[in-house]
Structure formats: C-alpha cells, structure tokens
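Everything on this sheet refers to the single structure shown next.
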Amino acid sequence: MHISGNTILITGGGSGIGQALAEKFHAAGNQVIITGRNAASLDAVAAANPGMATMTFDVADPQSCAHFAANIVAAYPALNVVINNAGIMQNEDLLTAPANLPTTEQTIATNLLGPIRLTSALLPHLLAQPSASVMMISSGLAFVPMVATPTYSATKAAIHAYAIALREQLRGSSTQVIEIAPPYVQTHLQGDHQAKDPNAMPLADFIDEVMAILAADPAVEEVIVERCKPLRFAAQNRNFDQVFAAVNAPH
C-alpha cells in the first residue's frame, strides 16, 4: 500500500487509533472518510481536518452493512482502502455466566462480525480497483490474551487468523491485506485511566511508527511496532508464560 493518493474508509474514526490514523492519512494526501456511531464525534474530527468526510455507521448492526457499503461506493467510487478499526473492550467475569453473555455477544458483533461483514460487502468493489487494501486492526492480545478481557482477546486472535486466510485467498489479486497489531496504547478504549497510563505507549508515537513502517515497505503484511513485538513473538521466542504473566500482573 502506498500511503498517499488513496480513498480510505476508517471505521471507528471518531476517536483513538482510528482518529489518529485518519488524521495522518488525511495529512499524507488521501481522501479519508471516517465512520462510527457518534455523529458529533465524527463531525468534530472532520471540522478539525477540512476535506475529511464522515458517514455514520454501526459495524455491529448486520442489517445496515450492505446498505452502508452500497452508499459509500456510490458516494466514493474511487474507494480503495478500508481500515477495520472499530472495536470495544470490556472486562468480563466469566464466573457470572450466563449474565456475562450480553457483553460477550456485543464484543463479537463489533470486533469480529463487523469487520468480516464490511469487508465482504466491499470486497467486490475493492477487487475491481487497480490497487486496493484491506487493513485489519488486531491487537498484541491476539497473541497473549488478557484474562480480564477474554472475549476481546479472542476476537483479536480471530481477526489475526481471518487476515491470514483472506490474504492468501486474495494473493495474486489487486487487493492487499495488512494487519496492524497495536500494543497497549494511550487511548480511551478502557476509559480515562488507559489514556493517561504511563505504562501505555503514547498514541502519537504508535501512529508515527505505524506510518513509518507502511511508508518503508508498501508490501508489508503485518505492522508490528517495537512495543508489540514481545507479545507477537512470545510463542516463537518460547517465553509465552513470562509475557502472559507480565500482561496479567496486577497494576
């Protein structure tokens, strides 16, 4: 993927990693469309970045996916990049079963089914473009799960597996599949504490490193920043138990 000259759709673009990616890609010379459930948040981001566009869309709603995909393709026929970023992360006490199931099902609908549905709806259009990319935002927790967030970790592991399979099925086509695996980053994904936690990677530093990796290697398949490598390669490095203990240590 070349980091300029694209028309890019970013889900969950009203805050956090999605917003930061949107602003960087916008500044790099791309047409960027951000989407999410909160129109006010989207409008605020677009107002601060003249030329950026918005469309409201809830990735967890299966009924609206096909309609949204048709609308965005009609409005932006040059669309050639989709970044599946929208996600939620909630702690779950599995010992409260079955009371935990609403959280479990909402997490799966947003983090896993949403990206799969949207990618499926847009794939015929993307495959018709001279050059296109599907980006999946997974997580370091795809490789070393956090006990407090079992379904979040599971959905990100599933996104990692899905990205690998999609990439192989599309190999030789015009559409590239790129996985970005963030480490623990200063966002509001789990509230104000995470956004201010000095143990988390500053959001700006994470985005700068991601953009540098994409710029250096247009054919990159996995974007793994240095802070995420201990998680990504824990199994290969044969220190999974130590990394697992560190991820799940009391704070």
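Residue under question is residue 40, and the condition is that it be free of Cβ contacts under 8 Å to residues at least 60 places away in the same chain, in a helix (DSSP H, G or I) and closer than 16 Å to residue 137 by Cα; does it hold? Walk me through it before giving the result.
On the way: free of Cβ contacts under 8 Å to residues at least 60 places away in the same chain: yes; in a helix (DSSP H, G or I): yes; closer than 16 Å to residue 137 by Cα: no.
In short, no.
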Which residue out of 167, 238 is of a type outside the set (A, V, I, L, M) and in contact with a strand residue (DSSP E or B) (Cβ under 9 Å, 6 or more places away or on another chain)? 167
Six or more apart or on different chains, Cβ under 8 Å: which pairs go from a residue in the range 10-27 that's more than 15 Å from residue 180 (Cβ to Cβ) to one that's in a helix (DSSP H, G or I) and among the hydroxyl-bearing types (Ser, Thr, Tyr)? Could you list them? 14/41; 15/41
Just to be sure, is residue 210 touching a helix residue (DSSP H, G or I) at 6+ places or on another chain (Cβ under 7 Å) and under 20 Å from residue 14 (Cβ atoms)? no
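If a residue must be of a type in the set (S, T, N, Q), in a helix (DSSP H, G or I) and either surrounded by 24 or more Cβ atoms within 10 Å (Cβ to Cβ) or touching a residue at least 40 places away in the same chain (Cβ under 8 Å) (or both), how many such residues does the range 117-142 contain?
Narrowing the range 117-142 to residues of a type in the set (S, T, N, Q): 119-120, 129, 131, 133, 138-139.
Now restrict to residues that are in a helix (DSSP H, G or I): 119-120.
Restricting the remaining residues to those that are either surrounded by 24 or more Cβ atoms within 10 Å (Cβ to Cβ) or touching a residue at least 40 places away in the same chain (Cβ under 8 Å) (or both) gives 119.
Residues that pass the stated criteria total 1.
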Mind telling me which of the residues 51, 29, 12, 5 ends up being surrounded by 18 or more Cβ atoms within 10 Å (Cβ to Cβ) and at positive phi? 12
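Every residue, every condition in (1) surrounded by fewer than 15 Cβ atoms within 10 Å (Cβ to Cβ); (2) in a helix (DSSP H, G or I); (3) at positive phi; (4) modelled with pLDDT under 95, yes or no:
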position	(1), (2), (3), (4)
64	no, yes, no, yes
68	no, yes, no, no
89	no, no, no, no
110	no, yes, no, no
115	no, yes, no, no
Collect the residues in the range 34-48 that are crowded, with 20+ Cβ neighbours inside 10 Å and over 21 Å from residue 206 (Cα atoms), keeping them in residue-number order. 35, 36, 42, 46
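Condition check: closer than 17 Å to residue 1 by Cβ, in contact (Cβ under 8 Å) with a residue 40 or more places away in the chain and among the charged types (D, E, K, R). Does residue 179 satisfy that? Show your work before the answer.
Values: closer than 17 Å to residue 1 by Cβ: yes; in contact (Cβ under 8 Å) with a residue 40 or more places away in the chain: yes; among the charged types (D, E, K, R): yes.
Spelling it out, residue 179 is indeed closer than 17 Å to residue 1 by Cβ, in contact (Cβ under 8 Å) with a residue 40 or more places away in the chain and among the charged types (D, E, K, R).
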Of the conditions (1) in contact (Cβ under 8 Å) with a residue 40 or more places away in the chain; (2) surrounded by fewer than 19 Cβ atoms within 10 Å (Cβ to Cβ), residue 82 satisfies every one except a single condition; which number is it? (2)
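Taking the residues in the range 91-108 that are touching a residue at least 12 places away in the same chain (Cβ under 8 Å) and not in a helix (DSSP H, G or I) as candidates, determine which candidate is surrounded by the fewest Cβ atoms within 10 Å (Cβ to Cβ). Show your work before the answer.
Initially, the range 91-108 is screened for residues touching a residue at least 12 places away in the same chain (Cβ under 8 Å), giving 91-92, 94, 103-104, 106-108.
If we keep only those that are not in a helix (DSSP H, G or I) too, we end up with 91-92.
Values: 91: 13, 92: 19.
So, considering only residues that are touching a residue at least 12 places away in the same chain (Cβ under 8 Å) and not in a helix (DSSP H, G or I), the one surrounded by the fewest Cβ atoms within 10 Å (Cβ to Cβ) is 91.
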Taking the conditions exactly as written (of a type outside the set (Val, Ile, Thr) and touching a strand residue (DSSP E or B) at 6+ places or on another chain (Cβ under 7 Å)), does residue 179 satisfy them or not? yes
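Applying the selection to the range 187-203, what residues are part of a helix (DSSP H, G or I), over 16 Å from the mean Cα position of the chain (by Cα) and surrounded by 12 or more Cβ atoms within 10 Å (Cβ to Cβ)? Break it down stepwise before answering.
First, pick out the residues of the range 187-203 that are part of a helix (DSSP H, G or I): 192-196, 203.
Pick out the ones that are also over 16 Å from the mean Cα position of the chain (by Cα) and you get 192-196.
194, 195 - these are the residues of the range 187-203 that are part of a helix (DSSP H, G or I), over 16 Å from the mean Cα position of the chain (by Cα) and surrounded by 12 or more Cβ atoms within 10 Å (Cβ to Cβ).
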Anything in the range 148-186 that is of a type in the set (Gly, Ala, Ser), over 13 Å from the mean Cα position of the chain (by Cα) and buried (at least 21 other Cβ atoms within 10 Å of the Cβ)? List them, or say none. 153
Could you check how many residues of the range 43-62 are in contact with a strand residue (DSSP E or B) (Cβ under 7 Å, 6 or more places away or on another chain) and part of a loop (DSSP other than H, G, I, E, B)? 3
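The values are calculated or read from the model by the stated rules, or taken from the named source; none is laboratory data. Since we're looking at a predicted model, the values are computed, not measured. No Cβ is skipped: glycine too gets one built from the backbone with ideal geometry, and neighbour counts run over all protein chains shown.
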